[in-house]
Amino acid sequence: MRRSGRTISMDTEMPVHKKRIAALASGRGSNFQAVIDAIAAGDIPAICTGLITDNPQAHAIERARAVGVPVTVIDYANFSTKAAYEEMLLAAMRNCRADLFVLAGYMRILGPAIVHEFSGRMMNIHPALLPAFAGLNAQQQAIEYGVKVAGCTVHIVDEGMDTGPIVIQRCVPVLPDDDESSLADRILAEEHTALPLAVKLFCEDRLEITDRRVRIR
Ligand code: GAR
């Protein structure tokens, strides 16, 4: 645009609509950290509205507090039934008013009421190339099976255990002298790339899910 001999540049950038994300974590929280770092760096168009944990000792709590993310602790040990625990969890999740819930090292299987309510809006990171080695101790399972390639998977959560549609997988070699710990470290480095990327794609509305297949636009 030209006015009185001066060139005025028009700002053509569209305002970015930020999604609201919240996380569930049970422990160390390094994957949660990778996601909040990517948000802080401007790589993910989102705000983090909460961290929910089932473990009062989880290091993820300190990571959340350090950046002002509200924390809800629902200590699993205080409940006599899984149903009672999940009732509180569901209320806490609703309270986050999140578009997406990121399961970042959340070590429990979610019940059908929660999976149904947030269907298509929950992502989990698993330290194996699913469908191989679902469940606990995935890295040890990979070592014992003798696979030559391992890795991580980010998937949408469904009612099964680590069975939902796959968003991203990244692989690493399994080396002859690997033990569970060395393999877990190598996989974890890839998790820290895979999870923020999957969250970013969700927040940019770039995931299209048809049956089991996730297409990235
Ligand atoms: C990660 O390796 C994650 O993939 C795994 O727990 C670890 C949590 O680390 N999750 C599962 O095994 C879920 N079935 P972090 O707390 O440092 O993110």
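The values are calculated or read from the model by the stated rules, or taken from the named source; none is laboratory data. Since the model is a prediction, treat every value here as computed from it, not as a measurement. A quick note on method: Cβ atoms are made from the backbone with ideal geometry, for glycine too, and the neighbour counts reach across all protein chains shown.
Taking the criterion of being within 8 Å of the ligand (Cβ to nearest atom) and within 18 Å of D99 (Cα to Cα), no residue of the stretch 49-60 qualifies. For the stretch 21-48, residues that are assigned to a loop (DSSP other than H, G, I, E, B), away from the ligand (no atom under 16 Å from the Cβ) and surrounded by fewer than 21 Cβ atoms within 10 Å (Cβ to Cβ) total 4. Scanning the stretch 132-170 for residues that are at positive phi and either touching a residue at least 40 places away in the same chain (Cβ under 8 Å) or away from the ligand (no atom under 11 Å from the Cβ) (or both) yields N137, G146.
Here T81 clears all of (1) more than 16 Å from the ligand (Cβ to nearest atom); (2) surrounded by 14 or more Cβ atoms within 10 Å (Cβ to Cβ); (3) among the β-branched types (V, I, T); (4) farther than 23 Å from T193 by Cβ except the condition numbered (2).
What strands (runs of 3 or more DSSP E) completely inside the stretch 140-217 contain at least 1 residues that are under 15 Å from the mean Cα position of the chain (by Cα)? Lay out the reasoning, then the answer.
Details: elements: 149-156, 166-173, 207-210, 213-216.
Fully inside the stretch 140-217 and qualifying: 149-156, 166-173, 207-210.
Would you check if G68 is in contact (Cβ under 8 Å) with a residue 60 or more places away in the chain and over 13 Å from the mean Cα position of the chain (by Cα)? Judged against the criteria, G68 is not a match. In the stretch 116-126, is there at least one residue being within 16 Å of the ligand (Cβ to nearest atom), assigned to a loop (DSSP other than H, G, I, E, B) and at pLDDT 95 or above? Scanning the stretch 116-126, I find no residue that is within 16 Å of the ligand (Cβ to nearest atom), assigned to a loop (DSSP other than H, G, I, E, B) and at pLDDT 95 or above, so the answer is no.
Which residue out of L129, L207 is among the hydrophobic types (A, V, I, L, M, F, W, C), more than 16 Å from the ligand (Cβ to nearest atom), modelled with pLDDT of 95 or more and buried (at least 16 other Cβ atoms within 10 Å of the Cβ)? Give the steps one after another, and end with the answer.
Numbers: L129 fails: more than 16 Å from the ligand (Cβ to nearest atom).
Result of the check over L129, L207: L207.
Candidates in the stretch 171-204 are the residues that are more than 11 Å from the ligand (Cβ to nearest atom) and of a type in the set (V, I, T); of these, the one that is surrounded by the most Cβ atoms within 10 Å (Cβ to Cβ) is V199.
Among the numbered conditions (1) touching a Ser or Thr at 6+ places or on another chain (Cβ under 6 Å); (2) farther than 23 Å from I36 by Cβ; (3) surrounded by fewer than 16 Cβ atoms within 10 Å (Cβ to Cβ), the only one that L136 does not meet is (1).
Identify all residues within the stretch 61-70 that are touching a strand residue (DSSP E or B) at 6+ places or on another chain (Cβ under 7 Å) and either surrounded by fewer than 17 Cβ atoms within 10 Å (Cβ to Cβ) or of a type outside the set (A, V, I, L, M) (or both); write none if there are none. Lay out the reasoning, then the answer.
We begin by selecting, within the stretch 61-70, every residue touching a strand residue (DSSP E or B) at 6+ places or on another chain (Cβ under 7 Å); these are 61, 64-65, 69-70.
Listed by number, the residues that qualify are R65, P70.
The single condition from (1) in contact with a strand residue (DSSP E or B) (Cβ under 7 Å, 6 or more places away or on another chain); (2) more than 22 Å from R28 (Cα to Cα) that A58 fails is (2). Within the stretch 49-63, being touching a helix residue (DSSP H, G or I) at 6+ places or on another chain (Cβ under 7 Å) and either assigned to a helix (DSSP H, G or I) or among the basic types (K, R) (or both) holds for A60, R63. In this entry, V102 is excluded by the filter for residues that are over 25 Å from L201 (Cβ atoms), β-branched (V, I, T) and surrounded by 13 or more Cβ atoms within 10 Å (Cβ to Cβ).
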